[in-house]
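A.B. asks: Okay, here's the structure, questions in a sec.
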Amino acid sequence: MSLRGRTVLITSGPTREFLDPVRFLSNASSGAMGFALAAAARAAGAKVVVVSGPTPLSPPTGVCVVPVTTALEMLRETLKRSSRADAVIGAAAVSDWRVAHAAAHKIKRNGSPRRLTLIANPDIIKEAAAKRRPGQVFVGFALETRRATKSARRKLARKGLDLIVANGPESLASGRIAATLVAKDWTRRLPPGPKARVAKIVVADITRLLHERRA
Ligand code: C5P
């Protein structure tokens, strides 16, 4: 079983939500997991497109990268491509909020407290999955600090996904990940290991799901 002839779309890395032209809200995601998945999907024969937030890492060879900065840009570039993909993996650490009114010029420091109004960003993988075509596979991540499997299972249903990779905050900006895979009918705890190894297992599961759907 391979992914030859298949297209895999991956969201990866953090997003940045600007307060003004020089300051932003973001998170510690490095984009390593998204790139590890891209490399594994490419090695399995897929055409791979990564919609990537800002990252210092170099993408794996042979994958197409669409660079984005904000969650709204990531949403737009993902939805543009998701209907043509066979599998969509949401590995990005999307900022859950953005600033309601970003200042056009650098905000001056005046020694006083400052209030920010934040508004919710769209859920990119959920929106992509809501437009699913028959046969497509959607995979998400869930970073949890407690009751990981239970909330991953809830998230799987809420977002309309086929598989969730549940993991803890220690995997952020690390080369390793301790993950539990959660699908509709099964749960599998993986031994902690390098992201490349876990990516290979996730890609193998996606390959199996795609073949089951075709059968
Ligand atoms: O709801 P939560 O943030 O825990 O969900 C994580 C999963 O949803 C990841 O796959 C992440 O890429 C995706 N996500 C998204 N858009 C958001 C928030 C999360 O695609 N705004």
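Derivation of every value follows stated rules applied to the coordinates shown; laboratory data play no part. Just so it is clear, the structure is predicted and the values come from calculations on it, not from any experiment. Quick reminder, even Gly has a Cβ in these numbers, built from the backbone with ideal geometry, and neighbours come from all protein chains shown.
A.B. asks: In the P(r) worked out for segment 1-96, what percent of Cα pairs fall beyond 19 Å?
C.D. replies: Roughly 37 percent, rounded to a whole number.
A.B. asks: Relative contact order for the chain: what percent, with Cα pairs under 8 Å and sequence separation of 6 or more?
C.D. replies: RCO, the chain: 21 percent.
A.B. asks: Can you sort 9, 25 from fewest to most other Cβ atoms within 10 Å of each residue's own Cβ?
C.D. replies: 25, 9
A.B. asks: On a 0 to 90 degree scale, rounded to 10, what angle separates helix 148-159 from the longest Cα axis of the chain?
C.D. replies: Its long axis makes an angle of about 90 degrees.
A.B. asks: Stretch residue 201-residue 102 to full length: gain in nm at 0.36 nm per residue minus the Cα-Cα span?
C.D. replies: 31.5 nm
A.B. asks: In terms of modelled amide H atoms, which long-range or inter-chain residues lie less than 5 Å from the amide H of residue 137?
C.D. replies: When sequence neighbours closer than 5 places are left aside, the close amide H contacts are 87, 88.
A.B. asks: Give the order of 177, 164 when sorted by the count of other beta carbons within 10 angstrom, beginning with the fewest.
C.D. replies: In order of increasing Cβ crowding within 10 Å: 177, 164.
A.B. asks: For each pair in 108/159; 126/200; 47/159; 108/155; 106/150, compute the distance between the two Cα atoms and list the pairs where it is over 32 Å.
C.D. replies: 108/159; 108/155; 106/150
A.B. asks: Which residues does a label at residue 4 reach in segment 64-102, if reach means a backbone N under 19 Å from a point 7 Å past the Cα toward the Cβ?
C.D. replies: 86-87
A.B. asks: Most exposed first by the Cβ proxy, i.e. fewest other Cβ within 10 Å, how do 96, 86 rank?
C.D. replies: Result, fewest neighbours first: 96, 86.
A.B. asks: In units of 2.2 N^0.38 Å, what is the alpha-carbon radius of gyration of segment 45-95?
C.D. replies: That ratio works out to 1.11.
A.B. asks: Quick one: Cα centre-to-centre distance for segment 41-73 and segment 144-170, in angstrom?
C.D. replies: Cα centroid to Cα centroid, the span is 23 Å.
A.B. asks: Starting from the Cα of residue 69, step 7 Å along the direction of its Cβ; do the same at residue 212; then give the gap between the two resulting points in nm.
C.D. replies: About 4.2 nm, to one decimal.
A.B. asks: Can you give me the three principal axis dimensions of the chain from its C-alpha atoms, in Å, biggest first?
C.D. replies: Taking max minus min along each principal axis of the Cα atoms, the chain gives 63, 34, 30 Å.
A.B. asks: I would also like to ask the following. With N residues in segment 104-215, what two-decimal value do you get for its Cα radius of gyration over 2.2 N^0.38 Å?
C.D. replies: 1.38
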